[in-house]
Each structure stands twice: as C-alpha cells, then as structure tokens.
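A.B. asks: Submitted below is the structure of interest, expressed as structure tokens.
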Amino acid sequence: MILPTEFKTKMSELLEDEASAFFNTYKEQRTAGLRINTLKINQNEWEKLNPFQTESIPFVSNGYYYDVNLDEPGKHPYHAAGLYYIQEPSAMFVANLLDAEPGERVLDLCAAPGGKSTQIAVCMQNEGILISNEIFPKRAKALAENVERFGLKNTIVTNESPERLSEHFPNYFDKILVDAPCSGEGMFRKEPDAISHWSNEHVLECRHMQLNILEYAYSMLKEDGILVYSTCTFSPEENEQVIETFLERHDDIELLPIDQQFGIDNGKPEWTKNNLQEITKTARLWPHKLQGEGHFAARLRKKGSTQKARVREYKYSKRQNLKDYIEFARTYFENITFDNLQLFGNVLHSLPENCPELKGLKVLRAGLHLGEMKKNRFEPDHALALALQASQFKQVVTLDSKDSDCLRYLKGETLKGSGKYKGWVLITVDGFPLGWGKESNGTIKNSYPKGLRIMF
Ligand SMILES: C[S@@+](CC[C@H](N)C(=O)[O-])C[C@H]1O[C@@H](n2cnc3c(N)ncnc32)[C@H](O)[C@@H]1O
C-alpha cells in the first residue's frame with residue numbers, strides 16, 4: 001500500500017515513537033465486523049445459529065469480528081433477513097455514546113449507508129423518533145434499504161441538507177449524531193481509493209464542512225441535548241481542533257467524558273491550537289492499539305436554555321379508505337396491529353408515535369411502509385415482511401439456510417408450495433422473514449424485490 005508522502009510525514013511527526021507501530025498496521029489485513037440486530041435475534045440465539053467463525057469485539061456489545069478470508073456474511077441469507085449489519089469494528093463504538101433511549105427524538109444527520117442509524121434504532125427498541133438523514137440521493141436510497149432490512153418502524157429517512165433540516169427542526173432533538181464526512185484516513189486499508197483522494201487541502205476542506213454541519217446540528221439540539229461528533233480520520237484538524245473551535249463558538253456546550261477502555265485512547269491536548277486539556281475527554285481508536293480501522297469521537301451536551309421546539313405533530317387525514325388493508329390484516333395477521341396509519345398517494349405507512357409534520361421535506365421512508373392500495377386489493381411491501389416475526393403471520397413457509405430453495409428464492413425463482421396455503425405467504429429462512437411469495441395450486445410466485453435479487 002503506497003501512502004501519500006505528506007500523510008506519512010505528518011503522521012510520523014504527530015505520533016513520534018508510536019509511528020512505526022501505526023505504519024506497520026498497513027502491512028496487515030483490515031479488520032471486519034458484523035453487529036447483530038437484537039430487534040430480531042438475541043445473543044444466545046445468534047451464538048447457536050452463527051454460521052461464521054467470529055470473535056466478540058470487546059468494546060461493543062453484539063459486535064463480532066469475522067475473517068474476510070473465511071467468510072462472506074454479506075452473501076448469506078441471514079444478511080437478507082436483517083439479522084446483522086456488516087460494519088467496520090471501530091465504527092461500532094460511536095452510536096452507543098448517544099445512549100439513545102426508547103421514546104426519544106434522535107437525529108442521525110449524516111447517516112448513509114446506515115451503520116450507526118441501525119445501531120441507534122436498536123437502542124431505541126423501535127420506539128420514539130429517529131430521523132435518519134443523508135444529503136446525497138443515491139446514498140439515501142441505500143440507507144432506506146438498510147433501514148428496511150433491519151425491520152425498523154420508528155425511523156424516518158430523509159434526503160436533505162443539514163441547513164434545510166435545521167429550518168424544519170429548531171431545538172427539536174434530544175440527541176444528535178454527526179458522523180461527519182471526512183478525509184477518511186481510517187479507510188485506507190478498507191477502501192484504497194480513499195488514498196488517491198487524500199491531500200492536506202482536502203483535510204482542510206473537510207474541517208470547514210464539519211464545522212458548518214456542527215452549527216446546524218447545534219441549532220436542532222434542545223436544552224440538555226446530547227451531541228456526538230465522530231470521524232473515521234486521524235487528522236487533528238478534523239478532530240480535536242474541530243471540537244476546540246466548536247467549544248469556542250458556543251459557551252453553552254460542554255464536553256462529556258467517554259469511557260476509555262480496551263485500548264481506546266484519548267484526544268490529544270497537544271494537537272489542539274491552545275493546548276485544550278479537557279480534549280482528553282474525547283476518544284481515539286487507533287489501528288495499532290486495538291483491532292479496528294480507526295475513529296475519533298466526542299460527546300457534548302448543550303447546557304444553555306433554548307426556546308421550546310415549535311415543530312407541529314403530523315396531522316392525519318381522517319378520510320382514508322383502508323378497507324382492503326383491513327381485509328388483508330384480518331386474513332393474514334396473527335396478534336399484531338399497526339397504528340398511526342397514513343396513506344401517501346396509494347402507499348400505506350404506519351408512522352411513528354408523535355410523528356412530526358414532514359411537509360416540505362424530501363422523505364424516502366416515514367416509519368414502516370406497509371404496502372400499496374391497488375384496485376380492490378392490498379399488496380404488502382417488502383419492508384412489512386422484514387418488520388414481522390414469523391409468528392405474526394398466518395401463512396409461513398420455512399426455508400432452510402443450507403437448502404438450495406433458499407438461494408432460489410433470493411434469485412427470484414418460483415418455488416414449489418406445500419399446497420396447504422392460498423394467497424400471500426411469508427417466506428422465512430430458519431424462521432426469520434425474508435420476503436413475500438404468493439401461493440396458488442401448489443406453486444409459490446416470488447415477490448422478492450427485483451433490485452435485491454442475487455444475480456449469480
Ligand atoms: C462517514 S459517512 C456516514 C456513515 C454513516 N454514519 C454510517 O454509519 O453508515 C458521512 C456521510 O455524510 C454525507 N455528507 C457528505 N457531505 C455532506 C454535507 N455537506 N452535509 C451532510 N452530510 C454530508 C456523506 O454522503 C456520507 O454519507
């Protein structure tokens with residue numbers, strides 16, 4: 001791996017006698033991890049089912065290292081069923097610093113592809129409101145797919161700039177994560193392309209952008225709200241110095257300590273402009289000190305009094321014809337109901353409790369996308385399949401993850417039915433929902449979304 005000369009010189013000067021240990025990590029294989037979705041499977045169940053060779057990640061519960069030479073968890077049907085998220089191990093450290101709780105209002109401002117949002121939503125147990133935002137439309141689409149795969153019901157995926165979002169949600173959120181776009185120095189082993197984009201100028205451009213994004217986040221945070229800032233880069237300009245400048249700009253912001261165990265290091269006062277001692281409260285994850293690619297994180301609180309948020313709640317339309325959905329639910333659901341139903345065009349959603357007004361925002365997904373009202377019938381959405389448990393649907397087809405039928409389903413092929421069902425069937429892998437099929441006369445027509453089908 002050929003690293004930029006300027007980067008090497010800079011890191012050598014910064015790290016002094018640690019530099020050789022740091023550079024040696026570039027000769028080693030990258031670390032890879034997966035984090036299980038405890039909304040769908042608990043740790044004990046996972047340990048019985050786990051088909052991969054994994055080891056627990058010490059600094060995050062529910063996170064596991066896997067070996068990229070042995071396993072490809074991204075291609076396993078359990079991935080399609082949303083049982084886990086593939087995420088770089090040190091990135092898993094950040095979202096838990098928010099301590100997001102059920103019922104809170106949380107914003108993940110730079111969210112795609114969704115690693116940290118899916119983690120936050122799990123902490124929230126699907127209750128409260130998580131706005132998961134991404135500025136670039138293509139990336140926002142990938143984010144929405146991951147939110148759907150994880151079976152999330154309380155998440156609103158938006159495709160907005162931080163500026164526009166801040167106009168809509170002043171002083172609204174209990175917690176905000178800014179996992180900022182950065183120069184990506186911690187990505188060099190995972191995505192060697194990041195090396196070619198690196199330059200000192202780019203580091204400074206990123207710093208400028210990060211400070212801007214933080215200002216918008218500040219204006220959306222309510223009094224006593226928690227803000228977590230993180231990057232996957234090493235440069236002090238984007239880490240310690242961003243926090244230093246942000247603290248200088250806002251005397252109502254305080255830095256909170258982060259527990260530094262398992263080889264997690266602290267931010268460096270000597271890397272700030274004014275030798276800011278309290279920057280030791282921030283955390284640095286280094287590839288030569290723990291198994292992970294590297295991250296920086298800071299935890300902040302807004303002490304100052306802000307005006308009360310004046311975001312209105314969503315107004316439900318009273319005149320909705322839900323007859324076909326009600327019939328579908330009566331025919332197929334078992335001990336489950338969905339609340340806060342709202343039609344947007346023909347598409348039926350179950351919005352999160354106390355959903356804010358969303359008018360004027362680009363919304364890709366508001367809560368759970370239940371399905372579409374067609375002429376005289378309701379057609380369930382893929383998201384609904386992934387948000388259900390097998391026991392909540394009356395017609396369930398169980399495929400074995402090791403059986404060829406499972407792969408055939410994920411490729412979009414027709415399956416042979418048992419003959420005992422008629423109409424919609426919930427296809428599951430080892431009991432975990434994968435998607436829909438429609439059975440008639442012993443044949444199951446495949447409804448797995450075309451865009452997700454396996455191509456080989
Ligand atoms: C580090 S990534 C986020 C990773 C994500 N939090 C996760 O855990 O999967 C930063 C994100 O910020 C987005 N971004 C880029 N420029 C931005 C801007 N000016 N404002 C807000 N977000 C931006 C990028 O498209 C990218 O998706």
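The values are calculated or read from the model by the stated rules, or taken from the named source; none is laboratory data. All of these numbers come straight from a predicted model, not from anything done at the bench. Every residue, glycine among them, receives a Cβ derived from its backbone with ideal geometry; neighbour counts consider all protein chains shown.
A.B. asks: Please give the number of the condition Arg35 fails out of (1) buried (at least 18 other Cβ atoms within 10 Å of the Cβ); (2) assigned to a helix (DSSP H, G or I).
C.D. replies: It fails just one condition, (2).
A.B. asks: Limited to region 215-237, what total is found for residues that are surrounded by fewer than 24 Cβ atoms within 10 Å (Cβ to Cβ) and in contact with a Lys or Arg (Cβ under 6 Å, 6 or more places away or on another chain)?
C.D. replies: The number of residues fulfilling the criteria is 2.
A.B. asks: Among the residues of region 287-337, which ones are of a type in the set (S, T, N, Q) and under 23 Å from Ile129 (Cα atoms)?
C.D. replies: Of everything in region 287-337, those that are of a type in the set (S, T, N, Q) and under 23 Å from Ile129 (Cα atoms) turn out to be Ser305, Thr306, Gln307, Ser317, Thr337.
A.B. asks: With the requirement that a residue be among the aliphatic types (A, V, I, L, M) and outside any strand (DSSP E or B), what does region 404-456 give you?
C.D. replies: Leu407, Leu410, Leu452, Ile454, Met455
A.B. asks: State whether one or more residues within region 200-209 are within 14 Å of the ligand (Cβ to nearest atom), under 17 Å from Ala111 (Cα atoms), buried (at least 16 other Cβ atoms within 10 Å of the Cβ) and touching a residue at least 60 places away in the same chain (Cβ under 8 Å).
C.D. replies: Within region 200-209, none of the residues are within 14 Å of the ligand (Cβ to nearest atom), under 17 Å from Ala111 (Cα atoms), buried (at least 16 other Cβ atoms within 10 Å of the Cβ) and touching a residue at least 60 places away in the same chain (Cβ under 8 Å).
A.B. asks: A follow-up question, please. Are any residues in region 99-108 under 14 Å from the mean Cα position of the chain (by Cα), more than 12 Å from the ligand (Cβ to nearest atom) and not in a loop (DSSP other than H, G, I, E, B), and if so, which ones?
C.D. replies: Val106
A.B. asks: Could you list all residues from region 182-210 that are assigned to a helix (DSSP H, G or I) and under 30 Å from Gly367 (Cα atoms)?
C.D. replies: Correct list: Met209, Gln210.
A.B. asks: Wholly within region 276-349, which strands (runs of 3 or more DSSP E) include no fewer than the required count, namely at least 2 residues that are closer than 30 Å to Arg377 by Cβ?
C.D. replies: Output list reads 341-344.
A.B. asks: Cβ contacts < 8 Å: first residue within 11 Å of Arg299 (Cα to Cα) and charged (D, E, K, R), restricted to region 89-100; second residue away from the ligand (no atom under 11 Å from the Cβ) and part of a helix (DSSP H, G or I), any location; separation 6+ or different chain. Result?
C.D. replies: Here the result reads Asp99/Cys123, each pair linking region 89-100 to a residue that is away from the ligand (no atom under 11 Å from the Cβ) and part of a helix (DSSP H, G or I).
A.B. asks: Answer yes or no: is there a residue in region 235-250 that is at pLDDT 95 or above, away from the ligand (no atom under 16 Å from the Cβ) and not in a helix (DSSP H, G or I).
C.D. replies: Looking through region 235-250, at least one residue is at pLDDT 95 or above, away from the ligand (no atom under 16 Å from the Cβ) and not in a helix (DSSP H, G or I).
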